[in-house]
Amino acid sequence: MSVAACLLLYSFAVVVLGPGLLTRLTRTGVAPRLGVTVWLVAIGSVVASWAVAAGFLAGELVRDWTQPGDTVVSACFAMLQQSALGRYGVLVQIGLLVLAAMAAAAVGRLAWRLARSLLRARACTHEHARMARLAGRHVAGLEAVVLDAPERAAYCVAGRPHTIVVTSAALDALDEPHLDAVLCHERAHLAGRHHLILAVVRGLAAILPRVELFTTGAAEVARLLEMCADDAAARTHGSRTLLGALLAMSDAAPILRGALGATGVGVLARAQRLAAPPGPAGRMRARLLLTALSALLVVGPLVTVLLTAAGFAMCDPLGG
């Protein structure tokens, strides 16, 4: 029981304190790849803690169901056992079974909603990619599908195959170096499988919208992934060229949800970042802080399990 309690306390602390702390550390995008990592580690550690805590609780339930002990937890389980067997009356027995069924149904519903969200996102992006290839035209030497539209837009959509879409208005607004930088940005999204990362974090935010760690994390991860793609394009074509492309596309039309575009998220912050990049000292400090925090979030649940398994029952209500 102490392992489960400690894991739940750990997850509660991360859920409450994590959003504010992580947002402050990753707001400037000094090290966007590490920023994405620390958000994903925080979210993953909370979900994993919940799952492992549920496993330990189930194990305790099975053990105390067959071999009752002398602890408070064992006494509670013994009372539940007697209630389930009808010792306290049929109404209590039925109520307990209904509560158990409702809890199982709630967990199953959350899992189903997450799976359905991921499948819907996949189907939507694949269909959009297919329709873009059918409706668009191919231009010699251009690694993208061109859609005739008055709005300036450039984005990539996961599919079979993945598709980069550029509107005719965007082609008119961008010269060749700027267009190459935008296309490099989109290729970086596809090469990094950023669509898969966003699908998962957005799915968690959709099924648990009251958990700020998930909702804020989804928005921050989307912004940081755009910065990761910016860095990939800037390394090849230069920061100034990419900045010029962003400015040329600054009033671009909104893009499809699930697609990833150069002007999809946080354009102003990204432009400021490209115009005034942080110095080496700032980058090093940010990397050290984010790396240390990621390591702490990774080892936190593991250390909790190991210490309590070794006898350091920090969260046991009876101290042992």
(message) At a 10 angstrom cut-off on C-beta neighbours, averaged per residue, how do the peptides 178-188, 266-276 rank from highest to lowest?
(response) 178-188, 266-276
(message) Quick check: the distance between the Cα centres of the stretch 123-174 and the stretch 191-240, to the nearest angstrom?
(response) 21
(request) Show me 127-140, 195-208 ranked by packing, highest mean number of other Cβ atoms within 10 Å first. (result) 195-208, 127-140
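In what sequence do 211, 36, 14 fall when counting other Cβ within 10 Å, fewest first? Intermediate values should be presented prior to the final figure.
Working: 211 16, 36 25, 14 22.
Neighbour counts put them in this order, fewest first: 211, 14, 36.
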(message) If neighbour count is taken as other Cβ atoms inside 10 Å, put 174, 114 in order from fewest to most.
(response) 114, 174
(request) Could you tell me which of 144, 170, 207 has its Cα farthest along the dipole of the stretch 107-216 towards the positive end, charges placed at Cβ (Lys, Arg +1; Asp, Glu -1), taken about the Cα centre? (result) 207
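With N set to the number of residues, divide the alpha-carbon radius of gyration of the stretch 120-276 by 2.2 N^0.38 Å and report two decimals.
Scaled against compact globular proteins, the figure is 1.01.
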(request) Counting other beta carbons within 10 Å of each Cβ, put 39, 50 in order, fewest first. (result) 50, 39
(request) Just order 229-237, 117-125 by mean Cβ neighbour count inside 10 Å, highest at the front, would you? (result) 229-237, 117-125
(request) Identify the trypsin sites (Lys or Arg not before Pro) of the stretch 9-53 meeting these criteria: DSSP loop state and at most 15 other C-beta atoms within 10 Å of the C-beta. (result) 27
(request) Provide the per-residue ³J(HN,Hα) series for the stretch 156-162, in order, calculated from phi with Karplus coefficients 6.51, -1.76, 1.60 and θ = phi - 60°, each as a whole number of Hz, with x at glycine and proline positions. (result) 10, 10, 5, x, 10, x, 4
(message) Using amide H atoms built in the peptide plane, which far-off residues or other-chain residues are under 5 Å from residue 145 H to H?
(response) 164, 165, 166
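Each value in this text was obtained by applying a stated rule to the coordinates, not by laboratory testing. Fair warning: this is a prediction, and the values are worked out from it, not measured in the lab. Cβ sites come from the backbone with ideal geometry, for glycine too, and all protein chains shown count toward neighbours.
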